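The values are calculated or read from the model by the stated rules, or taken from the named source; none is laboratory data. This one's a predicted model, so the numbers in the text were calculated from it and none came from an experiment. Using ideal geometry, Cβ is built from the backbone for each residue, glycine included, and neighbour counts are taken over all protein chains shown.
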Amino acid sequence: MSLASPKRAALLAALEAALGSGALLTSDADLAIYSRDWSGEYSGRPLAVARPRSAAELCDVVAKCRGLRIPIVPQGGLTGLVGGAVARQNEAELVVSLERLDAIRNIDPDNYSMVVEAGCVLETAKRAAEAQDRLLPITFGAQGSCRIGGNVATNAGGVNVLRYGMTRDLVLGLELVLPDGRLWSHLSPLRKDNRGYDLKQLFIGSEGTLGVVTAVAFKLYPLPTRVETALVGLSSVMDAMSLFARARRDCGDLLSAFELLLQEGVDIAMRARPDLAPPLAARYPAYVLMEASTSAAIDLKEMLVGFLASSDDLVRDGVVAASRAQADRLWLYREAMVEHQGRGGRYFRTDVSVRISDLPAFVERAMAAVRARLPEALPVAYGHVGDGNVHLNVIPPEGLDNAGVDALFVAAEEAIFEIVDQLDGSISAEHGIGRAKRKAFLSRIDAVTLDLMTTLKRSLDPADLMSPGRILPSSREAI
Ligand code: LAC
Ligand code: ZN
């Protein structure tokens, strides 16, 4: 469906008048960077890009789109991996970029809270909190590009979830524009508030389908003054999870990251970054990157070194970083592997979860299923195993054409999700549903849950104008 030009012209004229010049982008050259996500998997030219500077301006944009029945897709840093923020091909969707709504409205160190606008880059918000001796704990590779509104809309995860929770656990208040154009403003950073339904929870993780986030009140934590990082080699994923169970007890609440890598992943990192030497003297089937941190005056290094020494039945070798620079280098194996796993081409991504106790069985069975079904492909597993969340990705053989890669994606998804189902896990622990996981999501959802979700969507957005076709089928779509 493409939009008839009188309707398009009416919208553009109305938006131009409401927003002023420079706020509305319409040329091919200007639209290019808003038309493709970071993964390269999704692209679509929007009808135009509106860049409001205030929540009031955004209310106006939404009201005008509503009048003309034009769908809206909010966009942040385009680092989401499920196709949520890119306009659908040939669907005449207006992208609303939050990039100019990027102020840090306030930081209250004594209340351990801050209020940030949706377009603020995560790293900028983290730095501002740090300058006041506080930690905004959302942490992951894309933090230099992703924006706060997207973090909330997707309930972003990351490497510190096991200590601080998902984004949802850090949100105290929200301000957003509803599909009918009204502003819902609840930014009060109270720690406890039990008045009626906790409405903000409906919007966190709703992926742009129920409203557009304009500002967020976050809970902050003490900025750690001591951080200890270790990379250890182990004989198996099973041993890695036994180590995790012990670390939970022996490191208490000081454990802030527990990431799994396999030897294949370390090899990918070293191929991509020839300056990275093998991390340990020998090669191991599994590696764990673990981090403990605190702001308290305790000997954290003694605790971590003591813990690893007492676990010498599991830990075959390991290194504890002697400096922040060395710790950053240990994290580089993880980051370089993530960045280069696809060798610059397309690859199949998952972000599944199972019970922590089922994780070794999941990795073994899912890797075996992928190898049996796609012997030429390379399965790579890594991730936040302290949360039971693993990224089991599948890299196509080099030279495979696009149709072959499409077929591989289908086969890989079937093979991996079948094991997730057997273990009663989640096909999306972290990245959300968007468009990428919609079919798999809808084919597994129970009737009551689907009815509740559809009822909610229809009551808040009866004309289906907010990110249609993401999570749930669009009402205009043949299913
Ligand atoms: C990670 C992101 C991709 O864990 O979820 O690296
Ligand atoms: Zn992840």
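Checked across the range 346-359, the condition of being touching a residue at least 24 places away in the same chain (Cβ under 8 Å), part of a strand (DSSP E or B), crowded, with 17+ Cβ neighbours inside 10 Å and at positive phi holds for no residue. For the range 394-403, the criterion of a residue being crowded, with 20+ Cβ neighbours inside 10 Å and either out of contact with any strand residue (DSSP E or B) (no Cβ under 9 Å at 6 or more places or on another chain) or among the hydrophobic types (A, V, I, L, M, F, W, C) (or both) is satisfied by at least one position. Condition first: in contact with a helix residue (DSSP H, G or I) (Cβ under 7 Å, 6 or more places away or on another chain) and assigned to a loop (DSSP other than H, G, I, E, B). Now tell me which residues in the range 185-235 satisfy that. P189, I204, G205, S206, E207, G208, T209, L210, G211, L220, L223 - these are the residues of the range 185-235 that are in contact with a helix residue (DSSP H, G or I) (Cβ under 7 Å, 6 or more places away or on another chain) and assigned to a loop (DSSP other than H, G, I, E, B). If you go through the range 285-303 and pick out every residue that is of a type in the set (A, V, I, L, M, F, W, C), surrounded by fewer than 24 Cβ atoms within 10 Å (Cβ to Cβ) and under 31 Å from the mean Cα position of the chain (by Cα), you end up with 3. Just one of (1) closer than 30 Å to L58 by Cβ; (2) in contact (Cβ under 8 Å) with a residue 40 or more places away in the chain; (3) surrounded by fewer than 20 Cβ atoms within 10 Å (Cβ to Cβ) fails for M238. It is (1).
Can you name every residue in the range 420-441 that is within 16 Å of D387 (Cα to Cα), part of a loop (DSSP other than H, G, I, E, B) and touching a strand residue (DSSP E or B) at 6+ places or on another chain (Cβ under 8 Å)? Correct list: G425, I427, A429, E430, H431.
Of the residues contained in the range 424-435, one or more are found to be closer than 19 Å to G84 by Cα, modelled with pLDDT of 95 or more and more than 16 Å from ligand 2 (Cβ to nearest atom).
Residues being out of contact with any Phe, Trp or Tyr (no Cβ under 9 Å at 6 or more places or on another chain), within 20 Å of Q89 (Cβ to Cβ) and either modelled with pLDDT of 95 or more or surrounded by 14 or more Cβ atoms within 10 Å (Cβ to Cβ) (or both) are entirely absent from the range 440-463. So for the range 366-385 (the condition being over 21 Å from G141 (Cβ atoms) and either within 16 Å of ligand 1 (Cβ to nearest atom) or under 21 Å from the mean Cα position of the chain (by Cα) (or both)), does at least one residue qualify? No, because not a single residue in the range 366-385 is over 21 Å from G141 (Cβ atoms) and either within 16 Å of ligand 1 (Cβ to nearest atom) or under 21 Å from the mean Cα position of the chain (by Cα) (or both). Of the residues that make up the range 365-379, is at least one of a type outside the set (S, T, Y) and within 15 Å of ligand 2 (Cβ to nearest atom)? No, the range 365-379 contains no residue that is of a type outside the set (S, T, Y) and within 15 Å of ligand 2 (Cβ to nearest atom).
One line per residue, one yes/no per condition, for (1) charged (D, E, K, R); (2) within 16 Å of ligand 1 (Cβ to nearest atom); (3) more than 18 Å from the chain's Cα centre (by Cα):
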| site | (1), (2), (3) |
| --- | --- |
| D317 | yes, no, yes |
| A322 | no, no, yes |
| Q326 | no, no, yes |
| L330 | no, yes, yes |
| A336 | no, yes, no |
| G345 | no, no, yes |
| R349 | yes, yes, no |
| A361 | no, no, yes |
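Figure legend. Inter-residue proximity from the range 284-303: first residues closer than 15 Å to S323 by Cα and of a type outside the set (S, T, N, Q), second residues assigned to a strand (DSSP E or B) and modelled with pLDDT under 95, beta-carbon distance below 9 Å, spacing 6+ or different chains. No pairs are indicated. Of all residues in the range 74-88, how many are away from ligand 1 (no atom under 15 Å from the Cβ) and of a type in the set (A, V, I, L, M, F, W, C)? Going through the range 74-88 one residue at a time, the tally reaches 3.
Residues in the range 136-150 that are more than 13 Å from ligand 2 (Cβ to nearest atom) and assigned to a helix (DSSP H, G or I): G144, I148, G149, G150.
Of L176, L162, all but one fail to be at pLDDT 95 or above, touching a Phe, Trp or Tyr at 6+ places or on another chain (Cβ under 7 Å) and more than 16 Å from ligand 2 (Cβ to nearest atom); the exception is L176.
Residues in the range 271-296 that are assigned to a loop (DSSP other than H, G, I, E, B), in contact with a Ser or Thr (Cβ under 9 Å, 6 or more places away or on another chain) and not hydroxyl-bearing (S, T, Y) were compared, and the one that is nearest to H340 (Cα to Cα) is P285.
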